[in-house]
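I have placed the structure first, in the form of structure tokens, so that the comments after it can refer back to it.
The values are calculated or read from the model by the stated rules, or taken from the named source; none is laboratory data. Just so it is clear, the model here is predicted, and its values are computed rather than measured. Counting neighbours? That spans all protein chains shown, and the Cβs are built from the backbone with ideal geometry, glycine included. Each accessible area value is taken on the protein alone, full model and side chains, heavy atoms only, with ligands, DNA and RNA left out. Shrake-Rupley method; radii C 1.70, N 1.55, O 1.52, S 1.80 Å.
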Amino acid sequence: MAEAVIAEPDASAGPLLAVLADCNALLALSAVDLDMLLRQARRTNLLSRIALDASRLEQRLPKTVRAHFDAARTLAADQDRMLRWEVNRLERALAGLAAPVVLLKGAAYALAELPLARGRLVSDVDILVPRPTIGAVEEALLRHGWEHVKLEPYDQRYYRRWMHELPPLRHRDRNTIVDVHHRILPLTSRLHPDPNRQIAAARALADSPFRVLAPADMLLHSATHLFHDGDLSLALRDLVDVHDLLVDFRESPAFWEVLVARARELELARPLFYALRYAAGLLGTPVPADVMMAAARAGAPSAPLVAMMDRLVPLALMPDHPDRPGRQAAAARRLLYVRSHWVRMPSLLLARHLARKALGTRRENGVAQHRGLPREAGPPGH
Amino acid sequence: MSSAAPRWHVPAGTCLLRKSWGDEVVVFNTASGQTHVLDALSAAILEAIEASPASVDMLAHRFGRQLGLEPAACARRLEIVCEHFDELGLIAPEPS
Amino acid sequence: MSVSELPPGTFTRRLGHEGIAFHAGPFVVRVVANVAELAAPLRLLYGDLPLVEGGIVDFHIRLQASTGPRRWLRPQVVFVCDGETPFFPLPRRLALALLEWGINWCVHHHAHQYLLIHAAVVERDGAALILPGPPGSGKSTLCAALVHRGWRLLSDEIALIDLADASVLPLARPVALKNESIDVLHSFAPAAVFGPVVRETVKGAIAHMKPPPDSVRRMHEAARPAALIFPEFAVDAAINLAPLPKARAFFQAADLSFNYHILGERGFDALSRLIDGCRCFSFTYSSLDDAVGVLAGLEHEPLMTGSYG
């Protein structure tokens, strides 16, 4: 396979990438670069993580940077607490059920005490349960104060029929969200990883009756989320997740041995190929050469498609300049968005779904509302 | 009083911070991140449970006179208080 | 060099290109706006602020007016802070108001190194009054009045409470006033300087009062909170400054905080310390003169500490 020729990210992402690679790079950044770092880190949801890693460098950083880092760490600590408390409440609510409950994504990383968990700012909890138990799980949650998020009837039907999860449930007091999955990809996807295999391989946790995916499955889920899930607004953060998981798991040789085989088994070889390729190419993740080749053999698409992805992915993933948003980046994201839905849905359904989404009411979704923020002190009547 | 009666406790990992002003106590639960205001008696009940796990009967024995209720009503009242604390995430049934 | 010392032409050009950077209390804000008519009111309201050249900016703000054909049909302006657009677009004539709201948003959305309470703050003789209240409570009007009767302006909108020692930090920014308050302030303080009055679409008029030069000069000087007073303006109400039990004050303040719940233990500690150190009151009033009089009287009484006094 030819050397990866992956498009260079915008220069303004330089300080961010340097600091991600090595936290000590902070000490060498000029004021201009630190300014850009703060902006890019915030936009890509990486500020808290960098702030946590920089704790020991604190005293050598300018006061302004310390203030932003302090605030970012506070946010992360709050999200971590919310997440753990949510899991605690879920344990109480689902205590009576015999079904295995597997934590996914952020909740899993936190409860498994993975370094990757630091600085994450998502407090929704995702769980995976066997499909036959989903009714009982839903019922238990509803009984303990969770409510269905209001969806239009179309969306409700769509969720229940095609999706891999229930419509989201929000707790009436805490306002937190639980997503109950019965598989990690929708039924309409062209990929069909078998959830029963994933659940069977799930590992126990020290302080919880819940479980987490086995390392290879966790990595594959992360890769799939990144390259098959439609919403690319947090994509760099998600690639960093992939990077972190690989770095954390690489110590065990068993991980590399099973990774590609497991990907084949779960039909996730394509996302794995992309994840390894772009983590290594854009973030310098150390991936053994033989694993890289095996992943390519198992999951690489045609050379022209790889070349196209090599051009689009960096554009879409990497933040562009905050003052001069690139049109190319937006176009790349649109292309990838449509493509990822293509992977998830047969085209007739896709056309109908996208048309519906375009015509339907857009819910205000842009700004993260912090729990406890009593109001937007903003324009009255707007 | 059955020694097998279910007991309430403040779970390990839950740290409760308190601040009193007059008759009211503001309580912060570090585990849930939530803040509550309790009257003096409720606060005392919570403090008792925190000091050592207690069943409703044990609490009735201790706080019966302050509540000024007959034993049955007293127990019922304490049950309600404990269930409320449980819902708020301040206490939990002791694992058997 | 302060904003008003910059030649108008230079100011306007910079505003549209590299932007104007200035201090807002402990923060450095940079504003870029392709809204040429903003230049004059900004020069007026921010006139005393020293310009910031270089260094790290805390909030990069852009006011983006619609360009292209649509700007003739329905001229609009959008507030952008590093890619985030927290507000819907507004009519272009509200650009100044949008900027002011937007700067507030930046602070209460990001500045979690402080406990942030939705409150006006003024200071005199080394003691600060914190006036928490929702929109409509009259705190901005009361604040504007107080700063023209000898109090220093810290903020009309956000109290920045230091997490370590519960001191309060100034922002010293323009005060936003609406409707009748604008006229009331004109009579109450004829010397007050105002930006343009804009008739807003939904709820009447809005204007911004320039912060007094002394308040701006002392923008980096923290103050010690002495009283927490929850104001409520009510037409024809009898004036009443009533002591508020401290636990109640704690909850009301937490309820009016932008980030108490995010701060966890540190928020609990800081708010406790704040409440401990302050006399707490609810305050109903209908006349600005009377209100200012009562508050002036309050300050000269010896301050009590500990449990509610």
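Can C:Leu163 be described as modelled with pLDDT of 95 or more, surrounded by fewer than 24 Cβ atoms within 10 Å (Cβ to Cβ) and at the interface with chain A (Cβ under 10 Å from one of its Cβ atoms)? Can you show your working first?
Working: modelled with pLDDT of 95 or more: yes; surrounded by fewer than 24 Cβ atoms within 10 Å (Cβ to Cβ): yes; at the interface with chain A (Cβ under 10 Å from one of its Cβ atoms): yes.
Yes: the conditions hold for C:Leu163.
Closer than 27 Å to A:Asn45 by Cα and either open to solvent by 30 Å² or more (accessible area, probe 1.4 Å) or within 19 Å of the chain's Cα centre (by Cα) (or both): does that describe A:Pro304? Before the answer, list the steps.
Values: closer than 27 Å to A:Asn45 by Cα: no; either open to solvent by 30 Å² or more (accessible area, probe 1.4 Å) or within 19 Å of the chain's Cα centre (by Cα) (or both): yes.
Spelling it out, it is not the case that A:Pro304 is closer than 27 Å to A:Asn45 by Cα and either open to solvent by 30 Å² or more (accessible area, probe 1.4 Å) or within 19 Å of the chain's Cα centre (by Cα) (or both).
Can you tell me which residue in region A:66-97 is most open to solvent (accessible area, probe 1.4 Å), limited to those that are over 30 Å from C:Cys106 (Cα atoms) and part of a helix (DSSP H, G or I)?
In the first step, residues of region A:66-97 are kept if they are over 30 Å from C:Cys106 (Cα atoms); the result is A:87-97.
Filter once more, keeping what is part of a helix (DSSP H, G or I): A:87-93.
On the way: A:Val87: 2, A:Asn88: 56, A:Arg89: 33, A:Leu90: 0, A:Glu91: 43, A:Arg92: 88, A:Ala93: 8 Å².
The extreme case among them is A:Arg92.
For region C:53-71, give me the residue count where each residue is open to solvent by 10 Å² or more (accessible area, probe 1.4 Å) and either small (Gly, Ala, Ser) or not in a helix (DSSP H, G or I) (or both). Let's see the steps before the verdict.
First pass over region C:53-71, keeping only residues open to solvent by 10 Å² or more (accessible area, probe 1.4 Å): C:53-58, C:60, C:62, C:64, C:66-71.
Still in the running and either small (Gly, Ala, Ser) or not in a helix (DSSP H, G or I) (or both): C:53-58, C:60, C:62, C:64, C:66-69.
Going through region C:53-71 one residue at a time, the tally reaches 13.
Per-residue answers, yes or no, for (1) crowded, with 21+ Cβ neighbours inside 10 Å; (2) of a type outside the set (A, V, I, L, M, F, W, C):
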site	(1), (2)
C:Arg14	no, yes
C:Ile20	yes, no
C:Leu51	no, no
C:Leu73	no, no
C:Val80	no, no
C:Pro89	no, yes
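Which numbered condition in (1) within 24 Å of the chain's Cα centre (by Cα); (2) of a type outside the set (Val, Ile, Thr); (3) modelled with pLDDT of 95 or more; (4) in a helix (DSSP H, G or I) is the only one that C:Phe283 fails?
(4)
On the given criteria, is A:Ala294 crowded, with 18+ Cβ neighbours inside 10 Å and over 23 Å from the mean Cα position of the chain (by Cα)? Can you show your working first?
On the way: crowded, with 18+ Cβ neighbours inside 10 Å: yes; over 23 Å from the mean Cα position of the chain (by Cα): yes.
So A:Ala294 passes the test.
Taking only region B:33-72 into account, find how many residues are over 24 Å from A:Arg89 (Cβ atoms) and open to solvent by 40 Å² or more (accessible area, probe 1.4 Å). Lay out the reasoning, then the answer.
From region B:33-72, those over 24 Å from A:Arg89 (Cβ atoms) are B:39-41, B:44, B:48, B:51-52, B:57-72; that's our starting set.
Filter again for open to solvent by 40 Å² or more (accessible area, probe 1.4 Å), leaving B:39-41, B:51-52, B:57-58, B:61-62, B:65-66, B:68-72.
Final tally of qualifying residues: 16.
Report yes if B:Gly22 is facing chain C (nearest Cβ under 10 Å), open to solvent by less than 20 Å² (accessible area, probe 1.4 Å) and not β-branched (Val, Ile, Thr), otherwise no. Talk me through it step by step, then tell me what you get.
Values: facing chain C (nearest Cβ under 10 Å): yes; open to solvent by less than 20 Å² (accessible area, probe 1.4 Å): no; not β-branched (Val, Ile, Thr): yes.
So B:Gly22 fails the test.
If you go through region C:190-204 one residue at a time, how many are within 12 Å of another protein chain (Cβ to nearest Cβ) and surrounded by 17 or more Cβ atoms within 10 Å (Cβ to Cβ)? Walk me through it before giving the result.
Here is the first cut: in region C:190-204, the residues within 12 Å of another protein chain (Cβ to nearest Cβ) are C:198, C:200-204.
Then keep just the ones that are surrounded by 17 or more Cβ atoms within 10 Å (Cβ to Cβ); that gives C:198, C:200.
Here the count works out to 2.
If you go through region A:245-260, how many residues are in a helix (DSSP H, G or I) and either open to solvent by less than 60 Å² (accessible area, probe 1.4 Å) or touching a residue at least 24 places away in the same chain (Cβ under 8 Å) (or both)?
First, pick out the residues of region A:245-260 that are in a helix (DSSP H, G or I): A:245-249, A:253-260.
Narrowing further to those that are either open to solvent by less than 60 Å² (accessible area, probe 1.4 Å) or touching a residue at least 24 places away in the same chain (Cβ under 8 Å) (or both): A:245-249, A:254-256, A:258-260.
The qualifying residues number 11.
Taking only pairs six or more apart or across chains, which ones have beta-carbon atoms under 6 Å, a first residue in region B:78-96 that is free of Cβ contacts under 8 Å to residues at least 24 places away in the same chain, and a second residue that is surrounded by 15 or more Cβ atoms within 10 Å (Cβ to Cβ)?
B:Glu79/B:Val56
Which of the strands (runs of 3 or more DSSP E) found entirely inside region A:137-183 contain at least 1 residues meeting this: at pLDDT 90 or above and among the basic types (Lys, Arg)? Spell out the reasoning first.
Numbers: elements: A:146-148, A:169-171, A:177-181.
Where strands (runs of 3 or more DSSP E) fall fully within region A:137-183 and carry at least 1 residues being at pLDDT 90 or above and among the basic types (Lys, Arg), they are A:169-171.
Quick test for you: out of A:Arg324, A:Arg311, A:Arg277, pick the one residue that is open to solvent by 10 Å² or more (accessible area, probe 1.4 Å), under 17 Å from A:Leu226 (Cα atoms) and at pLDDT below 90.
When all the criteria are applied, what remains is A:Arg311.
Sort out which residues of region A:50-65 are assigned to a helix (DSSP H, G or I) and either open to solvent by 10 Å² or more (accessible area, probe 1.4 Å) or touching a strand residue (DSSP E or B) at 6+ places or on another chain (Cβ under 7 Å) (or both), and write them in order of number. Lay out the reasoning, then the answer.
If we filter region A:50-65 for residues that are assigned to a helix (DSSP H, G or I), which is where we start, we get A:50-53, A:55-60, A:63-65.
Across region A:50-65, the qualifying residues are A:Leu52, A:Asp53, A:Ser55, A:Arg56, A:Glu58, A:Gln59, A:Arg60, A:Lys63, A:Thr64.
For residues that are assigned to a helix (DSSP H, G or I) and either among the basic types (Lys, Arg) or open to solvent by 30 Å² or more (accessible area, probe 1.4 Å) (or both), tally how many sit in region C:173-189. Give the derivation first.
Initial filter on region C:173-189 (assigned to a helix (DSSP H, G or I)): C:180-188.
Restricting the remaining residues to those that are either among the basic types (Lys, Arg) or open to solvent by 30 Å² or more (accessible area, probe 1.4 Å) (or both) gives C:180, C:183-184, C:186-187.
Final tally of qualifying residues: 5.
Name the single residue that is nearest to the other protein chains (Cβ to nearest Cβ) among those in region C:40-52 being within 20 Å of C:Gly16 (Cβ to Cβ), in a loop (DSSP other than H, G, I, E, B) and not hydroxyl-bearing (Ser, Thr, Tyr).
Residues of region C:40-52 within 20 Å of C:Gly16 (Cβ to Cβ): C:40-47, C:49, C:51-52.
Cutting the leftovers down to in a loop (DSSP other than H, G, I, E, B) gives us C:46-47, C:49, C:52.
Now narrow it down to the ones that are not hydroxyl-bearing (Ser, Thr, Tyr): C:47, C:49, C:52.
Numbers: C:Gly47: 25, C:Leu49: 18, C:Val52: 11 Å.
Residue satisfying both the conditions and the ranking: C:Val52.
Report whether or not A:Thr176 is hydroxyl-bearing (Ser, Thr, Tyr), touching a residue at least 24 places away in the same chain (Cβ under 8 Å) and farther than 30 Å from A:His243 by Cβ.
Details: hydroxyl-bearing (Ser, Thr, Tyr): yes; touching a residue at least 24 places away in the same chain (Cβ under 8 Å): yes; farther than 30 Å from A:His243 by Cβ: no.
Answer is no for this residue.
Being open to solvent by 60 Å² or more (accessible area, probe 1.4 Å) and within 10 Å of another protein chain (Cβ to nearest Cβ): is that true of B:Glu87 here?
Details: open to solvent by 60 Å² or more (accessible area, probe 1.4 Å): yes; within 10 Å of another protein chain (Cβ to nearest Cβ): yes.
Taking the combined requirement at face value, the residue satisfies it.
Considering only region C:18-36, I want to know if a residue exists there that is of a type in the set (Gly, Ala, Ser), in a loop (DSSP other than H, G, I, E, B), touching a residue at least 60 places away in the same chain (Cβ under 8 Å) and within 14 Å of chain A (Cβ to nearest Cβ). Give the derivation first.
Filtering region C:18-36 for residues of a type in the set (Gly, Ala, Ser) gives C:19, C:21, C:24-25, C:33, C:36.
Imposing the further condition that a residue be in a loop (DSSP other than H, G, I, E, B) reduces the set to C:19, C:25.
Those left that are additionally touching a residue at least 60 places away in the same chain (Cβ under 8 Å): C:25.
Imposing the further condition that a residue be within 14 Å of chain A (Cβ to nearest Cβ) reduces the set to C:25.
Within region C:18-36, one or more residues are of a type in the set (Gly, Ala, Ser), in a loop (DSSP other than H, G, I, E, B), touching a residue at least 60 places away in the same chain (Cβ under 8 Å) and within 14 Å of chain A (Cβ to nearest Cβ).
I need the full set of residues from region A:7-49 which are of a type in the set (D, E, K, R) and free of Cβ contacts under 8 Å to residues at least 40 places away in the same chain, in order please. Give the steps one after another, and end with the answer.
Let us first name the residues in region A:7-49 that are of a type in the set (D, E, K, R), namely A:8, A:10, A:22, A:33, A:35, A:39, A:42-43, A:49.
Once the filter is applied, which keeps residues that are of a type in the set (D, E, K, R) and free of Cβ contacts under 8 Å to residues at least 40 places away in the same chain, region A:7-49 yields A:Asp22, A:Asp33, A:Asp35, A:Arg42.
Go through region C:140-157 residue by residue and tally those that are in a loop (DSSP other than H, G, I, E, B) and under 14 Å from the mean Cα position of the chain (by Cα). I'd like the intermediate steps shown before the answer.
Filtering region C:140-157 down to residues in a loop (DSSP other than H, G, I, E, B) leaves C:148-151, C:156-157.
Filter once more, keeping what is under 14 Å from the mean Cα position of the chain (by Cα): C:156-157.
The number of residues fulfilling the criteria is 2.
How many residues, within region C:110-138, are open to solvent by 10 Å² or more (accessible area, probe 1.4 Å) and within 14 Å of chain A (Cβ to nearest Cβ)?
Selection size over region C:110-138: 6.
With respect to A:Pro167, determine if the residue is without any contact (Cβ under 8 Å) to a residue 40 or more places away in the chain and touching a Leu at 6+ places or on another chain (Cβ under 9 Å).
Numbers: without any contact (Cβ under 8 Å) to a residue 40 or more places away in the chain: yes; touching a Leu at 6+ places or on another chain (Cβ under 9 Å): yes.
So A:Pro167 passes the test.
I need every pair where a residue in region C:94-105 that is more than 7 Å from chain A (Cβ to nearest Cβ) and within 17 Å of C:Leu44 (Cα to Cα) has its Cβ under 6 Å from the Cβ of a residue that is open to solvent by 10 Å² or more (accessible area, probe 1.4 Å) and among the small types (Gly, Ala, Ser), sequence separation at least 6 or different chains.
Partner pairs satisfying both residue conditions: C:Glu100/C:Ala176.
Does C:Asp290 satisfy being assigned to a helix (DSSP H, G or I), at pLDDT 95 or above and among the acidic types (Asp, Glu)? Explain how you work it out, then say what you get.
On the way: assigned to a helix (DSSP H, G or I): yes; at pLDDT 95 or above: no; among the acidic types (Asp, Glu): yes.
Spelling it out, it is not the case that C:Asp290 is assigned to a helix (DSSP H, G or I), at pLDDT 95 or above and among the acidic types (Asp, Glu).
Going by what's in this entry, would C:Trp101 be described as farther than 18 Å from C:Pro174 by Cβ and assigned to a helix (DSSP H, G or I)?
Details: farther than 18 Å from C:Pro174 by Cβ: no; assigned to a helix (DSSP H, G or I): yes.
When the stated conditions are applied, C:Trp101 does not pass them.
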